[in-house]
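Remarks on the structure that follows.
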Amino acid sequence: MGKYDDIIGLPHPVSAKHRQMTMVERAAQFSPFAALTGYGDMLEEEQRETETQTEKSDSEHAELSMKIRILAANIDTQPGITVTYFEPDPKKDGGRYRSAEGRLKKIRDAERELVLVSGEVIPMDAVKEIESDILDLYDL
């Protein structure tokens with residue numbers, strides 16, 4: 001006589017209180033877990049590359065100042081512009097250059113900001129390049 005002969009023929013017990021687990025739920029109990037939660041994200045963040053902001057020469061500063069003065073003189077027409085500027089990275093040193101396109105609503109001299117009709121605010125100190133059809137009318 002075997003050790004479990006007395007129970008071997010009995011039906012499998014089913015709980016009246018709890019539903020039976022699916023095969024997926026049962027398998028999930030034995031799946032591996034991430035002991036170092038967030039470690040992969042940290043590695044990805046560390047590997048993400050950023051650019052450094054290039055310094056403008058005196059002639060580039062002068063040219064940008066002239067372009068901003070011309071745009072200020074024509075602000076009532078809300079000229080269309082494309083601005084390339086440096087956006088600092090909030091998590092690490094450096095950032096990236098990006099372009100914004102739209103109509104110029106105002107120039108805030110005290111805050112040194114360009115404000116587009118869309119509401120986007122661009123710091124003048126971060127501006128690398130400004131393009132506009134109005135600027136093409138001038139010999140810069």
>> Please state the shape class of the stretch 58-136: rounded when a/c is under 1.5, otherwise prolate if a/b exceeds b/c and oblate if not, all from the C-alpha gyration tensor.
In response: prolate
> Taking Cα atoms, how many degrees apart are the long axis of helix 58-73 and the longest axis of the chain, rounded to 10 and kept between 0 and 90?
Replying inline: 80 degrees
>> For the chain, set up a GNM with springs between Cα atoms under 10 Å and report which of ARG98, ARG112, ARG19 has the largest fluctuation.
In response: ARG19
>> Given the C-alpha atoms of the chain, compute the convex hull and give its volume per residue in Å³.
In response: 238 Å³
> For the stretch 1-83, which GluC sites (Glu not before Pro) are in a loop by DSSP, counting at most 16 other Cβ atoms within 10 Å?
Replying inline: GLU49, GLU55
>> Connecting C-alpha atoms closer than 10 Å in a GNM of the chain, tell me which of LYS92, LYS56, LYS17 has the biggest fluctuation.
In response: LYS17
> When the chain is modelled as a GNM with alpha-carbon springs shorter than 10 Å, which of ALA62, ALA27, ALA72 fluctuates the most?
Replying inline: ALA27
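Here, each number is a calculation from the coordinates, and none is a lab measurement. Worth saying up front: this structure is predicted, and the values here are computed from it rather than measured. Here the Cβ is made from the backbone with ideal geometry for all residues, glycine too, and neighbour counts use every protein chain on show.
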